[in-house]
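> Have a look at this one before I ask anything.
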Amino acid sequence: MSTAPLDHHRLHYLHEAIRLGSVRAAAEALDINASVISRQIALLEKELGLMLVERLSRGIRATEAGALLVERFRQWQADQADTVAKLRELAGLKRGHVDIVLGEGFVSDLMSGPLGRFWQRHPELTMAFDLAGTSEVVNAIAEDRYHIGLVFNPSADPRIRVATASRQPLCAIVPPDHALARLGRPLRLRELADHPLGLMHASYGTRQIVTMAEAAEHIALTPKLTTSSINVLRHFVKSGLGLTLLPAFSIAADLADSSLSALPIDNRLLASSEACVITRRGRELPHAASHLLRFLSGQMRAFRAGDAASGARSRQGGR
């Protein structure tokens, strides 16, 4: 095996081919001939004396060595970008950029005040936001495609560091005049089975914890509507078509104007769900991203335990 430094271009070609699943797809993404990518990957394999990809009838798949090399390449890229950002800070530049991937449920909370207050203090900072489901957020952070992730109830992952976590129970979201809102007590999960339900797709943290709660109580909730959009679920409930299960902070504006109510559910699993701020374990964030992470952790409702839920309970008790 050669001890010479690895060629950056070859690593980049390998990364794209494995990420996209084929040499042809990588060639289209990079706008170069597919034979160039194939040849460079082959030279990298020869240089290392290891097979890095399995050639399949349709595309390629990383070997263990290829997957390790691609993971290291992603980390090298992220570390390089973070180092450049830090050097700019040392040079006295005020501009910075932060990439954030988040679940849709955090958008209302983020836009309702925290983001504006941060920009008042740091007007030159730019950001990019992308929405994704729980599993996608975790993978995107682990692969260094974003600096910060805001995610609901992620599974444990050794690649991920949870910077902030706050208990945010799943509640039954109903119209204020719904019969369940007049019971004046926490609901039982099986009571929801008698009502039309709208739920998120299985890749989302809210749906995953509902599935675990169903199994624990030996019941099955059959959704009338399945979606990838919290906004769709909000309108589903507001239109009187059914109810849904969401953390209260995700509908904070609707709770504030009393267009929806969040009712507590007597279930240990649903009560233990968490909103989290995550980063890739071992990654040292640029100053701008690190400062934003601390600011959001302290300013957003999602990361103040029980804040939105307690407000919902007080409104329920006041009716």
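> Scan the range 53-67 and give yes if some residue there is farther than 29 Å from HIS147 by Cα and in contact (Cβ under 8 Å) with a residue 12 or more places away in the chain, otherwise no. Lay out the reasoning, then the answer.
Restricting attention to the range 53-67, the residues satisfying the condition of being farther than 29 Å from HIS147 by Cα are 54-59.
Narrowing further to those that are in contact (Cβ under 8 Å) with a residue 12 or more places away in the chain: 58-59.
Yes, the range 53-67 has at least one match.
> When residues of the range 176-207 are filtered for being closer than 29 Å to CYS276 by Cβ, touching a strand residue (DSSP E or B) at 6+ places or on another chain (Cβ under 7 Å) and assigned to a loop (DSSP other than H, G, I, E, B), how many remain?
Adding up the residues that qualify gives 2.
> So, in the range 276-307, how many residues would count as being closer than 23 Å to THR211 by Cβ and modelled with pLDDT under 95?
Our first condition is that a residue be closer than 23 Å to THR211 by Cβ; within the range 276-307, this holds for 276, 278, 302.
Next, only the ones that are modelled with pLDDT under 95 stay: 302.
Residues in the range 276-307 being closer than 23 Å to THR211 by Cβ and modelled with pLDDT under 95: 1 in total.
> For the range 18-35, name all the residues that are touching a strand residue (DSSP E or B) at 6+ places or on another chain (Cβ under 6 Å) and either polar (S, T, N, Q) or buried (at least 18 other Cβ atoms within 10 Å of the Cβ) (or both). Walk me through it before giving the result.
Filtering the range 18-35 down to residues touching a strand residue (DSSP E or B) at 6+ places or on another chain (Cβ under 6 Å) leaves 18, 21-22.
Hits for the range 18-35 are ILE18, SER22.
> Taking the range 37-52, which residues are surrounded by 13 or more Cβ atoms within 10 Å (Cβ to Cβ) and either in contact with a Leu (Cβ under 9 Å, 6 or more places away or on another chain) or on the phi > 0 side of the Ramachandran plot (or both)?
ILE37, GLN40, ILE41, LEU44, GLU45, GLU47, LEU48, LEU50, LEU52
> Please go through the range 130-156 and pick out each residue that is of a type in the set (D, E, K, R), modelled with pLDDT under 95, outside any helix (DSSP H, G or I) and surrounded by fewer than 20 Cβ atoms within 10 Å (Cβ to Cβ). Quick ask: steps written out before the conclusion?
Here is the first cut: in the range 130-156, the ones of a type in the set (D, E, K, R) are 130, 136, 143-145.
Okay, now just the ones that are also modelled with pLDDT under 95, so 136, 143-145.
Now restrict to residues that are outside any helix (DSSP H, G or I): 143-145.
If the condition is that a residue be of a type in the set (D, E, K, R), modelled with pLDDT under 95, outside any helix (DSSP H, G or I) and surrounded by fewer than 20 Cβ atoms within 10 Å (Cβ to Cβ), then GLU143, ARG145 are the ones that fit.
> Which condition from (1) crowded, with 20+ Cβ neighbours inside 10 Å; (2) part of a helix (DSSP H, G or I); (3) in contact with a Ser or Thr (Cβ under 8 Å, 6 or more places away or on another chain); (4) not charged (D, E, K, R) is the one that VAL210 breaks?
(3)
> Further question: Test each condition in (1) closer than 22 Å to PHE129 by Cα; (2) at pLDDT 85 or above for LYS94 and report the one that comes out false.
Going through (1) closer than 22 Å to PHE129 by Cα; (2) at pLDDT 85 or above one by one, LYS94 breaks only (2).
> Among residues belonging to the range 266-291 that are crowded, with 21+ Cβ neighbours inside 10 Å and among the hydrophobic types (A, V, I, L, M, F, W, C), point out the one that is farthest from SER166 (Cα to Cα).
My answer is ALA288.
> If we only count helices (runs of 4 or more DSSP H) wholly inside the range 36-128, which ones have 1 or more residues that are out of contact with any strand residue (DSSP E or B) (no Cβ under 9 Å at 6 or more places or on another chain) and under 27 Å from ASN231 (Cβ atoms)? Spell out the reasoning first.
Numbers: elements: 64-90, 107-111, 114-121.
Ranges flagged: 107-111, 114-121.
> Looking at the range 157-175, which of its residues are assigned to a loop (DSSP other than H, G, I, E, B) and under 20 Å from the mean Cα position of the chain (by Cα)?
Residues of the range 157-175 that are assigned to a loop (DSSP other than H, G, I, E, B), as a first pass: 157-159, 168-169, 175.
Residues satisfying the conditions are ASP157, PRO158, ARG159, GLN168, PRO169.
> Residues that are of a type in the set (Val, Ile, Thr) and buried (at least 21 other Cβ atoms within 10 Å of the Cβ): does the range 213-226 have at least one?
no
The values are calculated or read from the model by the stated rules, or taken from the named source; none is laboratory data. In this text, all values refer to a predicted model and were calculated from it rather than measured experimentally. Cβ coordinates were reconstructed from backbone atoms using ideal geometry, including for glycine residues, and neighbour counts include every protein chain displayed.
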